[in-house]
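The values are calculated or read from the model by the stated rules, or taken from the named source; none is laboratory data. This is a predicted model, so every value here is computed, not measured. Here the Cβ positions follow ideal geometry from the backbone for every residue, glycine too, while neighbour counts run over all protein chains shown.
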Amino acid sequence: MKLQKRLQVAGAILAMVFVIAVVGYRLLGLEWVDALYMTVITLTTVGFGEVGHDFTPSMRLFTIGILLVGMGLLMYGVTTATAFIVEGELTDLLKRRKMEKKIAELEGHTIVCGLGSMGRYIIEELQKTLRPFVVIDNSRDNLDHALETYGEFLHVHGDASDDAVLEQAGLAKASGVVTTFGDDKMNLFVTLSARNLNPEARIVARAVDSHSAEKLKRSGANSVVSTNLIGGLRLVSELVRPAVTGFLDIMLHQKEKTLRVEEAVLADPSELVGITLADADIQEKTTLAVVALRDGGTGEYIYSPKPDTVLKAGDVLIVMGDVNYLPQLRALCAGEPFEPVVG
């Protein structure tokens, strides 16, 4: 039994003994106030005198019994409380409460369900790209190992297919969920639960078996990633276009700065809406190069957009560069004040 549970049990028994003692003294003839007084001085071993001059042998025997039980409970409680502090459970409890408070304050974060080998790559990428996230895993060992490797991050120890655990991770205010388990059934359960709790969240699910992809989409996943398909494409890319894969590897693993292909959505208040890409001068202001654009009306992609392309509200700019300058780009696209990075 956990120390916290033992403390709760000891407290419950003590409360029960207190009530029994008060009622017992009352049944033996004392008034309620005197019964309460005798119970308190007996359980606390203060040692004040007995109430009145007609304290009967039955009352004394009852007092001895209450005293022995009270002392036993006191010793048990002190021992358990000491162990609770020394063994670190109190610290863990306080840290867990602090973490729950931080999770409750999050909004627009990503929930990562499953912390296997794939989950670790995901949280590493989220950390590098400065995105808030919460991890759910039912293995304490997996969580501890990841915490040692990547430092402190918000997490929930529990079953990701349990609605209560997803709610504890802040699903109601999350912008996205990614489920990475090596079992398609588990990914299916998580997808169903997450979609039911948050119809607006973007859900990305892993599919071990390619035949599971359609089921996951029908269950509510916005996108399904087949690890076998991705692995096969990577293998053939290494074979037929080694320079490209080498470039991408360097971009992903460079230590001096984090280079990525990222996106930002143009909003109505932005000064970029209604002007050409050349006049927007995005690279000069943010150091980020626009490599593609998704039309907000048709959803079509324009690769290497021409300088005379007119930007519209709802367009998605796809850029490449240092993720540390993404806040400037997103502020520019949202029409918020920002300081240009260059010039």
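For GLY158, indicate whether it is closer than 28 Å to ARG260 by Cα and not assigned by TED's automatic domain parsing to the domain that holds GLY321. So GLY158 fails the test. Just one of the numbered conditions (1) assigned by TED's automatic domain parsing to the domain that holds GLN127; (2) surrounded by 11 or more Cβ atoms within 10 Å (Cβ to Cβ) is not true of GLY246: (1).
Looking at region 126-229, the strands (runs of 3 or more DSSP E) lying wholly inside it that each contain 3 or more residues that are touching a helix residue (DSSP H, G or I) at 6+ places or on another chain (Cβ under 8 Å) and hydrophobic (A, V, I, L, M, F, W, C) sit at 133-137, 202-207.
Being charged (D, E, K, R), within 18 Å of ARG330 (Cβ to Cβ) and exposed (fewer than 14 other Cβ atoms within 10 Å of the Cβ) is true for just one of GLU271, GLU256, GLU262. Which residue is that?
Details: GLU256 fails: within 18 Å of ARG330 (Cβ to Cβ); GLU262 fails: exposed (fewer than 14 other Cβ atoms within 10 Å of the Cβ).
The unique qualifying residue is GLU271.
Conditions (1) in the same structural domain as ARG131 (by TED's automatic domain parsing); (2) touching a Gly at 6+ places or on another chain (Cβ under 7 Å), marked per residue:
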| position | (1), (2) |
| --- | --- |
| ALA205 | yes, no |
| VAL208 | yes, yes |
| ALA221 | yes, no |
| LEU239 | no, no |
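May I ask you to verify whether LEU233 is at pLDDT below 85 and either part of a helix (DSSP H, G or I) or surrounded by fewer than 14 Cβ atoms within 10 Å (Cβ to Cβ) (or both)? Please lay out each step first, then the result.
Values: at pLDDT below 85: no; either part of a helix (DSSP H, G or I) or surrounded by fewer than 14 Cβ atoms within 10 Å (Cβ to Cβ) (or both): yes.
When the stated conditions are applied, LEU233 does not pass them.
Filtered by the rule that a residue be polar (S, T, N, Q), under 18 Å from LEU154 (Cα atoms) and either at pLDDT below 70 or more than 26 Å from the chain's Cα centre (by Cα) (or both), region 75-118 gives a lone residue, THR91.
Sort through GLU167, GLU200 and tell me the only one that's of a type in the set (Asp, Glu), over 16 Å from the mean Cα position of the chain (by Cα) and under 30 Å from ARG96 (Cβ atoms).
Details: GLU167 fails: over 16 Å from the mean Cα position of the chain (by Cα).
Result of the check over GLU167, GLU200: GLU200.
Do we have VAL244 as among the hydrophobic types (A, V, I, L, M, F, W, C), farther than 24 Å from PHE133 by Cα and more than 20 Å from the chain's Cα centre (by Cα) here? When the stated conditions are applied, VAL244 passes them.
This table checks each residue for (1) free of Cβ contacts under 8 Å to residues at least 40 places away in the same chain; (2) out of contact with any Pro (no Cβ under 9 Å at 6 or more places or on another chain).
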residue: VAL236; (1), (2): yes, yes
residue: LYS257; (1), (2): no, yes
residue: LEU266; (1), (2): no, yes
residue: ASP279; (1), (2): yes, no
residue: LEU288; (1), (2): no, yes
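Report, by residue number, each residue of region 258-268 that is part of a loop (DSSP other than H, G, I, E, B) and touching a helix residue (DSSP H, G or I) at 6+ places or on another chain (Cβ under 7 Å). Result: THR258, LEU266, ALA267.
For region 97-109, does any single residue satisfy the condition of being part of a helix (DSSP H, G or I), touching a Ser or Thr at 6+ places or on another chain (Cβ under 7 Å) and in contact (Cβ under 8 Å) with a residue 12 or more places away in the chain? Looking for residues that are part of a helix (DSSP H, G or I), touching a Ser or Thr at 6+ places or on another chain (Cβ under 7 Å) and in contact (Cβ under 8 Å) with a residue 12 or more places away in the chain, one finds none in region 97-109, hence no.
The residues of region 270-301 that are outside any helix (DSSP H, G or I) and aliphatic (A, V, I, L, M), listed by number, are LEU272, VAL273, ILE275, LEU288, ALA289, VAL290, VAL291, ALA292, LEU293.
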